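The values are calculated or read from the model by the stated rules, or taken from the named source; none is laboratory data. All of these numbers come straight from a predicted model, not from anything done at the bench. Ideal geometry is used to build each Cβ from the backbone, glycine not excepted, and the neighbour counts take in all protein chains shown. These area figures cover heavy atoms from the full protein model, side chains too; ligands, DNA and RNA do not enter into them. Shrake-Rupley method; radii C 1.70, N 1.55, O 1.52, S 1.80 Å.
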Amino acid sequence: LQKLRWLRHLDRALDEIVSLRKPFPKMKRRWDLQEALTHRRAADPAKALPLLQGLARGPISRKERKLLADTLSWVEKEKAAAQLYLNQVPTAGTKKMKRGELKALKKAASIFARHGDYAAAMPLIRRVVKERPKNKALKAKLAWLSYRMGHHKVARALFQELNRKNDRGFYEYWQARSAGKAGDAEGAEKIYADLLENNLNTYYGRLARS
């Protein structure tokens, strides 16, 4: 079935699944998953979705949860997609979060952010940063969300905190952009000048010149 999907013989793959269902009825869960994967390969998430939702009525694997979340997101049901991951997360403040719970929180935040719902993503990322305050990648996500939400002073401070010599001007550029958006044109110009001095020939150096 995997080979048929890879070769895009999708009708043959679906026929093969139908032929396997009757002699192996106890493997219904497997055939439902294979049929859902085939519909996704055919870019038909509406047909894949009920099959994956059926799988979620029982114990669901990480792979199945991700497929269901991706499919829900595909059909613009991002809240339901994010909730699949949020169901794995304890109530805020109850206890220190485990690694898997933090990953689930980040995935839910990513779904919201991908659909432009920054207000829903922000508290989730803040909660993750609170648990992992030294993680620069998480702070970068918080800075970017702050920028997208129009919290430019907060974004500027976060980008400034993250700024380091080996980032080829990325954080410095967005620090300058945030300063400008916050109304500090003079501060933005100074940051751009430093960026041009230190990263003139990088991508962000060229952006700063334009």
Practice task
Working carefully through the options ARG65, ARG40, ARG29, find the one that is of a type in the set (D, E, K, R), in contact (Cβ under 8 Å) with a residue 24 or more places away in the chain and closer than 30 Å to LEU124 by Cα.
Solution key: ARG40
Practice task
Mind checking which helices (runs of 4 or more DSSP H) fall wholly inside the range 1-66 and carry at least 3 residues that are out of contact with any Cys (no Cβ under 8 Å at 6 or more places or on another chain), open to solvent by less than 100 Å² (accessible area, probe 1.4 Å) and among the small types (Gly, Ala, Ser)?
Solution key: 45-55
Handout entry: Residues (of a type in the set (A, V, I, L, M, F, W, C) and under 10 Å from the mean Cα position of the chain (by Cα)) located in the range 106-120
Key = ALA108, ALA109, ILE111, PHE112, ALA113
Fill in the blank from the handout: LEU49 fails exactly one of (1) touching a residue at least 24 places away in the same chain (Cβ under 8 Å); (2) under 16 Å from the mean Cα position of the chain (by Cα), namely (2)
Handout entry: Within the range 67-85, considering residues that are polar (S, T, N, Q) and open to solvent by less than 40 Å² (accessible area, probe 1.4 Å), the one modelled with the lowest pLDDT
Key = SER73
